[in-house]
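Questions regarding the structure given below will be posed in turn.
The values are calculated or read from the model by the stated rules, or taken from the named source; none is laboratory data. Please read these numbers as outputs of a predicted model, since none were measured by experiment. Methodologically, a virtual Cβ is constructed for each residue, glycine included, from the backbone with ideal geometry; neighbour enumeration extends over all protein chains shown. Surface accessibility is based on the protein's heavy atoms, side chains included, excluding ligands, DNA and RNA. Shrake-Rupley method; radii C 1.70, N 1.55, O 1.52, S 1.80 Å.
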Amino acid sequence: MIEISHVNKHYGAFQVLTDCSTTVAKGEVIVVCGPSGSGKSTLIKTVNGLEPFQSGTIMVDGISVGAPGTDMPKLRARVGMVFQNFELFPHMSITENLTIGQIKVLNRSKEEAMATGLKLLDRVGLKAQAAKFPGQLSGGQQQRVAIARALSMNPICMLFDEPTSALDPEMVNEVLDVMVELAHEGMTMMCVTHEMGFARKVANRVIFMDQGHIIEDATKDDFFGTPRGERAQQFLSKILSH
Amino acid sequence: MFSTFDFSVLSPSLPFLWTGIQYSFKLTLIAMSGGIILGTFLALARLSPNRVLANAAATYVDTMRSIPLVMVILWFFLLIPLLTGNPVGAESSAMLTFTAFEAAYYSEIMRAGIQSVSRGQVAAGDALGFTYGQTMGYIVLPQAFRNMIPVLLTQTIVLFQDTSLVYIIGAKDLLKAAEIAGKNYNRPIEMYIFAAVIYFVVCFTLSQTVKRLQKRVAIIR
Ligand SMILES: Nc1ncnc2c1ncn2[C@@H]1O[C@H](COP(=O)(O)OP(=O)(O)O)[C@@H](O)[C@H]1O
Ligand SMILES: [Mg+2]
C-alpha cells in the first residue's frame, strides 16, 4: 500500500530524512516513534506529499508521490490525514467540516455527503454536536471529528501525526479508542505516536526514528521484546517510565 | 455677511446635494469591493512562490503606496485618454483610479490576513485533496477576511474621506456638490458645514461599528 524507499530530504545543509525506507502493507498498522525533532512528522507528511523530498521514491497504491505526472490533489483525497492540532476548519460547523471535502473533491451530492458525515459522526460518538462549531468542542471531541472528516473521503489508508499529544490526559483514550476500532476494522494506518499501549494493542510493526534515520523497523513483539539499538532502548525506557 | 447662518438654503438644494452624496458613496463602495478583490489577488501573487509574480505584485503595491493619491487621480485622468484614445469622464476615471489605488492598501491587509491563518489549516485543506484554489477559496481566504474585517473597514473610512480628493478633476462628489450649491445660493459656509457633517456622521458611525466588531472578534478568539 505504502512503499517508502531511500527517501532523503534536507533543508539547505540540514538533513531531515536520511535514506528512509519502509513499507506498509494493506491492513497493517505501523507505529512510528522517536525523540522530538527526529523527523517523524516530516516522514509521515512526505507520504501524501505535504512535504516534498529531494531523492528516493514513495509509492502509494502504486502511484508515485510527487512525480511530475502525478495528480497530487487526487492522490491526497485518497489518503486520510489526522494532525496533532486537529486542524478542523474553525469557520465551518461540524457538519460542514465533514461534508466539504466530499462535496468539493468527490463531487458527492449535499444529501449524500450529509448522510455519510452524520453516520461517521455517530460512529465517533458525537452525533449531538453536528450543528456546533469546532471552537465549542473539547480537544478530544475535535480530534474525533477530525478522524471522521478524514474517513468521510473513504481513504485507502490513514496517516496520524501525534493525534493525542495536544490533548489533556483524560481525553487521550476517547481518541485512541476510535483509532483502535479503525485498526480492528482493517484500516491501513501509519501512526506517529508515543502511546505505547496503543502500539502493543494494534501495531503490526514499530519504527523507531532518530536524527532523520529509521534505526529500528521491527515487529511489535521484537520491538518490545528486545530492541536491539541502544538509542531505542533508552528512548523506550524514558517514555514507558511515566 | 457672516452675521447669521441661514440653513434654509439647504432644503431647496438637497436634491442636488443628494446626487453628490450618492456619487461619494458609489465611489467608496466600488473602490472598496474592487479594491478588496484586486487586493486579494495582489496579496496571493505577492505570497506565491513564483518570484516574477511576487516581485511584480510587490512593485505595484509599493509604487502605489509611495505616490500621493491626488497625483494618481490626476495622472489617470490625463493619461487614460492619451493611452486609449477615448476621453473618460471624471466620474469613471475616479472609480478606476480609486480601485487601483486602494487595491494596494487592501492587499497589504489581506496579506496580513492570509498570514494570520496557520500553515496547519493549509495542510488540512491540501490533505483533503483540495487544489490550491480550493484551499485558498474555502479555507484560507474566508478566515483571512474574517480576521481582517475591522482593519478593512478602517481602511474604508480613510477611503471615504479620500474620495473628496476627486475635486482635482472636477468629479461631482459630495464636496463638489456643496461647493456648487454654495456658489449658486451664495451661502458657501452653510454648504461646507453640511458636507462636513455628512462626512463626520458617516465616518463616526463606521468607526463605532469597527469598535463593536473588534470586541466581538476578541470574544470569538
Ligand atoms: N521548514 C523547516 N526548515 C528547517 N528545518 C525544519 C523545517 N521543518 C522541520 N525542520 C526540522 O526538521 C527536523 C524534523 O522535524 P519533525 O519532522 O517535525 O520532527 P518530529 O515530528 O520527529 O518532532 C527538526 O529538527 C526540525 O527542526
Ligand atoms: Mg512532529
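Can you name every residue in segment A:8-42 that is within 11 Å of ligand 1 (Cβ to nearest atom) and in a loop (DSSP other than H, G, I, E, B)?
Those that are within 11 Å of ligand 1 (Cβ to nearest atom) and in a loop (DSSP other than H, G, I, E, B): A:12, A:13, A:34, A:35, A:36, A:37, A:38, A:39.
Just the residues that are within 12 Å of chain B (Cβ to nearest Cβ) and hydrophobic (A, V, I, L, M, F, W, C), please, taken from segment A:129-144.
Within segment A:129-144, just A:133 meets the criteria.
Quick check, is residue A:29 away from ligand 2 (no atom under 16 Å from the Cβ), within 12 Å of the chain's Cα centre (by Cα) and open to solvent by less than 10 Å² (accessible area, probe 1.4 Å)?
For residue A:29, the condition - away from ligand 2 (no atom under 16 Å from the Cβ), within 12 Å of the chain's Cα centre (by Cα) and open to solvent by less than 10 Å² (accessible area, probe 1.4 Å) - is met.
Tell me, yes or no, whether segment A:182-194 has at least one residue that is touching a helix residue (DSSP H, G or I) at 6+ places or on another chain (Cβ under 6 Å), open to solvent by 20 Å² or more (accessible area, probe 1.4 Å) and either within 16 Å of ligand 2 (Cβ to nearest atom) or within 14 Å of chain B (Cβ to nearest Cβ) (or both).
Within segment A:182-194, one or more residues are touching a helix residue (DSSP H, G or I) at 6+ places or on another chain (Cβ under 6 Å), open to solvent by 20 Å² or more (accessible area, probe 1.4 Å) and either within 16 Å of ligand 2 (Cβ to nearest atom) or within 14 Å of chain B (Cβ to nearest Cβ) (or both).
Which is under 20 Å from the mean Cα position of the chain (by Cα) and away from ligand 2 (no atom under 16 Å from the Cβ), of A:167, A:176, A:236?
A:176 is the lone residue from the list that is under 20 Å from the mean Cα position of the chain (by Cα) and away from ligand 2 (no atom under 16 Å from the Cβ).
Next question, about the same structure. Among the residues of segment A:43-55, is there at least one that is assigned to a strand (DSSP E or B), open to solvent by 10 Å² or more (accessible area, probe 1.4 Å) and more than 9 Å from ligand 1 (Cβ to nearest atom)?
yes
Filtering segment B:110-135 down to residues that are farther than 15 Å from residue A:88 by Cα and more than 9 Å from chain A (Cβ to nearest Cβ), which residue is most open to solvent (accessible area, probe 1.4 Å)?
B:115
Go through the residues of segment A:83-100 one by one and say whether even a single one is away from ligand 2 (no atom under 16 Å from the Cβ) and under 22 Å from residue A:183 (Cβ atoms).
There is at least one residue in segment A:83-100 that is away from ligand 2 (no atom under 16 Å from the Cβ) and under 22 Å from residue A:183 (Cβ atoms).
For residue A:36, are the conditions met, namely being among the small types (Gly, Ala, Ser), more than 14 Å from chain B (Cβ to nearest Cβ), open to solvent by 30 Å² or more (accessible area, probe 1.4 Å) and within 16 Å of ligand 2 (Cβ to nearest atom)?
Judged against the criteria, residue A:36 is a match.
Also: Condition test on residue B:107, is it surrounded by 20 or more Cβ atoms within 10 Å (Cβ to Cβ) and more than 28 Å from residue A:76 (Cα to Cα)?
Here the answer is yes, as residue B:107 does meet what is asked.
Results for (1) within 27 Å of residue B:146 (Cβ to Cβ); (2) surrounded by fewer than 20 Cβ atoms within 10 Å (Cβ to Cβ), shown as yes or no for each residue.
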position	(1), (2)
A:106	yes, yes
A:110	yes, yes
A:117	yes, no
A:122	no, yes
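So which residues in segment A:209-242 are basic (Lys, Arg) and modelled with pLDDT under 75?
A:228
When you go through A:123, A:108 one by one, which is the residue that is in contact with a Ser or Thr (Cβ under 8 Å, 6 or more places away or on another chain) and more than 11 Å from chain B (Cβ to nearest Cβ)?
So the residue among A:123, A:108 that is in contact with a Ser or Thr (Cβ under 8 Å, 6 or more places away or on another chain) and more than 11 Å from chain B (Cβ to nearest Cβ) is A:108.
Among the helices (runs of 4 or more DSSP H) contained in segment A:132-242, which hold 2 or more residues that are aromatic (Phe, Trp, Tyr)?
Output list reads A:220-225.
Continuing with the same structure: Given the conditions (1) modelled with pLDDT of 90 or more; (2) within 13 Å of ligand 1 (Cβ to nearest atom), report the number of the one that residue A:5 does not fulfil.
Unmet condition: (2).
If you go through segment A:214-230 one residue at a time, do you hit one that is away from ligand 1 (no atom under 16 Å from the Cβ), open to solvent by less than 40 Å² (accessible area, probe 1.4 Å) and under 15 Å from the mean Cα position of the chain (by Cα)?
There is no residue in segment A:214-230 that is away from ligand 1 (no atom under 16 Å from the Cβ), open to solvent by less than 40 Å² (accessible area, probe 1.4 Å) and under 15 Å from the mean Cα position of the chain (by Cα).
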